[in-house]
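Here the structure comes first, spelled out in C-alpha cells, and everything after it is commentary.
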Amino acid sequence: MYFQCSHFPPQYSHLNGEHFVRLTPMRLARSVITVGNLNWRGVKEKGVCRLMELGFMALGNVDKTDLSIKLNESFYKLDPSEKNKVSYSIGTGLTKIFSEEFLDVPWLGHVSTFNNVVNWRGKKIPSKVILHNSNKTPKEPDLIGYDSSGNPHVLEAKGYSSGFKGNVLQHAINQVSQVSDVAGRPPKTKVACFNDLSKKPFVANIVDPIIEGNEGCSLNISFEQLIESYYKFFDSLEFREISEEVSIGSKLYRVIYLPEVDCCFGIDLELIKTSSNLHDFTLAYSNTNFEREFLKFNELYSENINFGKDGTFFARREFLLNFNYFSGSNFEGLFNVHSLSNSLFDEKNQLMHT
C-alpha cells in the first residue's frame, strides 16, 4: 500500500512524501488484533472471541494481490453498518502498521481503554494545518502509542471504503491538534491517518500538524500504563486456559490456535510476565532480537507468517507444522489440546455479532 505523508516536523521530515509498503493478510491480521485487543471494553465483553472477531475482520474481507491486498466481494455484500465496522478496524490496523514501520511505535492502543485520562486545559485549538473544510467539533484522538525509546505519539485512524473524504481527514487533523501533552510530555508526533480502502492497493493520507502549546487537552497515560494494558489480556486466566507455551527459536511464546481461520496468534511470554513492571519489561525487551531472529521471516515468508516488534506473531497453521525451523516446537500439542472447542465457540458466538 502507499503512505502519502506531509507536514512532519524536522525530526521526521524524511517521512514527507510517498512510501510503498508491502502488505499481506498476515500482517494486517496481526495489526488489527493487537491494536483492537487493547480496546479493553471489547475484551471484557467478548473475551477470546474478541481475537476471533478481529481475525475474521482482517482475513475474511480482503484478498491478496501481487504486492498488497484489496477488499473482496464478501466485504461488498455486507450491510452499511457492518462495512463501517470492518472499515474502521482495517483502518486502525493500517495505522498500526504505519506506526511500527515509520515511527518505531510497537505499542498502540485506544485512549478510551483508560478511565478519566483526558484533561481539557482550555479552549479547543484550531489546527494550523487546514487542507479541507470540516464543521465537526474535534475531540481527543482515538489512539495513543509509545516508541521503543519510551516517547509518546498520538494518532487518529480513519478507514473508508467509499473513497477519499477531505472533511474526514481534516477532522482527524483537528483531533490530533488538540493534544498538548501525554503524561506531561509533548508527543513526538501527532498523526492523522485517512486510509482509503477503495484504492487498489490501499492509500493512506497521513498528516502530522505538530503544534506546541498549553491549551487543548492532556492525555494522562504513561508508558507504564500502556504497556500493562497492552499485555493484560494475554496474562488472564481465560487466555492461559486456551493457549499453550511453545518454543520458537530461543524464545517462549504463549500461542492460541484459531481454527475458524486456521491460524495461530502468539505473544512473547517474557514480555507478558514482565509487563506489570516497567523496569523489568524494559530490560526484557532490550534483550530481545526481533530484527535478527524473527523479522527476517516477514520478508522471506510474508504470505504465511508475520512477526511484530511488540513480541507478537500471526501465522498459518500449515506453515508452522511443515517448516523445518519450527519442527522442535510443540505446535502439534497446541492444535490437539488447546484449540477452541466447538462448544466454547457456540457459547460465545452470539457476542461477536452484538
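From the list Ser112, Ser89, the one residue that fits, being touching a helix residue (DSSP H, G or I) at 6+ places or on another chain (Cβ under 6 Å) and touching a residue at least 40 places away in the same chain (Cβ under 8 Å), is Ser89. Taking the stretch 84-137 as the range and being part of a loop (DSSP other than H, G, I, E, B), closer than 29 Å to Ser13 by Cα and touching an Asp or Glu at 6+ places or on another chain (Cβ under 9 Å) as the test, the residues that pass are Asp104, Val105, Pro106, Lys124, Ile125, Val129.
Selection within the stretch 34-53: residues that are within 24 Å of Val176 (Cβ to Cβ) and modelled with pLDDT of 80 or more. The member of this set that is surrounded by the fewest Cβ atoms within 10 Å (Cβ to Cβ) is Thr34. Between Glu100, Glu73, the distinction of being out of contact with any helix residue (DSSP H, G or I) (no Cβ under 8 Å at 6 or more places or on another chain) and not hydroxyl-bearing (Ser, Thr, Tyr) belongs to Glu73 only. Of the residues making up the stretch 176-217, those that are modelled with pLDDT under 95 and touching a Gly at 6+ places or on another chain (Cβ under 8 Å) number 7. Does Leu278 satisfy being free of Cβ contacts under 8 Å to residues at least 60 places away in the same chain and among the aliphatic types (A, V, I, L, M)? For Leu278, the condition - free of Cβ contacts under 8 Å to residues at least 60 places away in the same chain and among the aliphatic types (A, V, I, L, M) - is met. Note on the stretch 139-176: residues that are outside any strand (DSSP E or B), more than 26 Å from Lys199 (Cβ to Cβ) and either aromatic (Phe, Trp, Tyr) or in contact with a Pro (Cβ under 9 Å, 6 or more places away or on another chain) (or both) total 3. For the stretch 292-299, does any single residue satisfy the condition of being out of contact with any strand residue (DSSP E or B) (no Cβ under 6 Å at 6 or more places or on another chain), charged (D, E, K, R) and at pLDDT 80 or above? For the stretch 292-299, residues out of contact with any strand residue (DSSP E or B) (no Cβ under 6 Å at 6 or more places or on another chain), charged (D, E, K, R) and at pLDDT 80 or above: present.
Residues in the stretch 257-280 that are of a type in the set (A, V, I, L, M) and modelled with pLDDT of 90 or more were compared, and the one that is nearest to the chain's Cα centre (by Cα) is Ile267. Can you find a residue that is at pLDDT 95 or above, surrounded by fewer than 24 Cβ atoms within 10 Å (Cβ to Cβ) and closer than 28 Å to Pro152 by Cβ anywhere in the stretch 72-87? Yes, the stretch 72-87 has at least one match.
Helices (runs of 4 or more DSSP H) fully within the stretch 217-308 that include at least 3 residues being closer than 26 Å to Arg185 by Cβ and aliphatic (A, V, I, L, M): 278-286.
Being within 30 Å of Pro80 (Cβ to Cβ), touching a Phe, Trp or Tyr at 6+ places or on another chain (Cβ under 6 Å), surrounded by 20 or more Cβ atoms within 10 Å (Cβ to Cβ) and touching a residue at least 24 places away in the same chain (Cβ under 8 Å) is a condition met by no residue of the stretch 175-191.
The values are calculated or read from the model by the stated rules, or taken from the named source; none is laboratory data. In this text, all values refer to a predicted model and were calculated from it rather than measured experimentally. Counting neighbours? That spans all protein chains shown, and the Cβs are built from the backbone with ideal geometry, glycine included.
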